[in-house]
Amino acid sequence: MTVLGQVSLSEPFPVAGAAADEFEAVVRDHSHLVYRIAYSVLRNHHDAEDATQETFLRCLRWWNRLDPLRNRRAWLARTAWRVALDRRPRFQEISLDDAAATVEALHAAGAGADEIAANQQMGALVERLIAALPRELREPLTLSTVEELTSPEIAAVLGIPEGSVRTRLMRARQVLKEKLSAILQGRHPA
């Protein structure tokens, strides 16, 4: 990814010399992380690329004001997260009736429990259930499971205490487990 080649020529280039080399190294070292975070939110390759580019353009714009001792990985992750959230379409709530219909269709097709769990439709169902979680539960879960960030990294990205991250992760997993259990057993929680 060549972020420096994408900067508008009408604006003065904010970094030069050693700072430009340092910025290029940051792009090279962290572009995969920034893209993965953007993709985990947007679920579209082209949108994630656009969000990645915007993240590095913001980094370039603020480069001279960034504290060199600050954790750049966490700053980039947080910025990528915010950029992607701004670009993301709003999710709609998934009804348990729709989810149960998907599982029932798989059962009717003669699929066993292992096949149902491995089925693409089940994966899509889990993604939809995650997307339907409240934002405060969905965001830490997505960063933890999809991006494999640690609790301190998630806390830095979301700007919340590390203990809150762990609590939200536990609650999100509990809610998903309850919903999936109810769907797979054919009952609908109130």
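The values are calculated or read from the model by the stated rules, or taken from the named source; none is laboratory data. Note that the structure is a prediction, hence the values are computed from the model and not measured. Glycine gets a Cβ as well: all are built from the backbone with ideal geometry, and neighbour counts include every protein chain shown.
Quick grid of which residues meet (1) hydroxyl-bearing (Ser, Thr, Tyr); (2) touching a Pro at 6+ places or on another chain (Cβ under 9 Å); (3) modelled with pLDDT of 90 or more; (4) over 17 Å from Pro89 (Cβ atoms):
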position: Asp29; (1), (2), (3), (4): no, no, yes, yes
position: Ala38; (1), (2), (3), (4): no, no, yes, no
position: Arg43; (1), (2), (3), (4): no, no, no, no
position: Gln53; (1), (2), (3), (4): no, no, yes, yes
position: Cys59; (1), (2), (3), (4): no, no, no, yes
position: Asp67; (1), (2), (3), (4): no, no, no, yes
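Among the residues examined, Leu143 qualifies as buried (at least 16 other Cβ atoms within 10 Å of the Cβ) and within 26 Å of Val83 (Cα to Cα).
Quick check on Arg166: is it more than 24 Å from Pro89 (Cα to Cα), assigned to a helix (DSSP H, G or I) and basic (Lys, Arg)? Taking the combined requirement at face value, the residue satisfies it. Taken together, Ile116, Ile160, Ile94, Ile183 contain a single residue that is part of a loop (DSSP other than H, G, I, E, B), among the β-branched types (Val, Ile, Thr) and modelled with pLDDT under 80, which is Ile94. Does Glu24 qualify as being at pLDDT 85 or above and crowded, with 16+ Cβ neighbours inside 10 Å? No; evaluated as a whole, the condition is false for this residue. Number of residues in the stretch 154-180 that are farther than 26 Å from Leu76 by Cα and surrounded by fewer than 20 Cβ atoms within 10 Å (Cβ to Cβ): the value is 8. In the stretch 74-91, of all residues being modelled with pLDDT under 85 and in contact with a helix residue (DSSP H, G or I) (Cβ under 7 Å, 6 or more places away or on another chain), the one that is surrounded by the fewest Cβ atoms within 10 Å (Cβ to Cβ) corresponds to Phe91. For first residues located in the stretch 50-74 and of a type in the set (Lys, Arg), partners that are modelled with pLDDT under 75 and lie 6+ apart or on another chain with Cβ distances below 7 Å form the pairs Arg61/Pro14.
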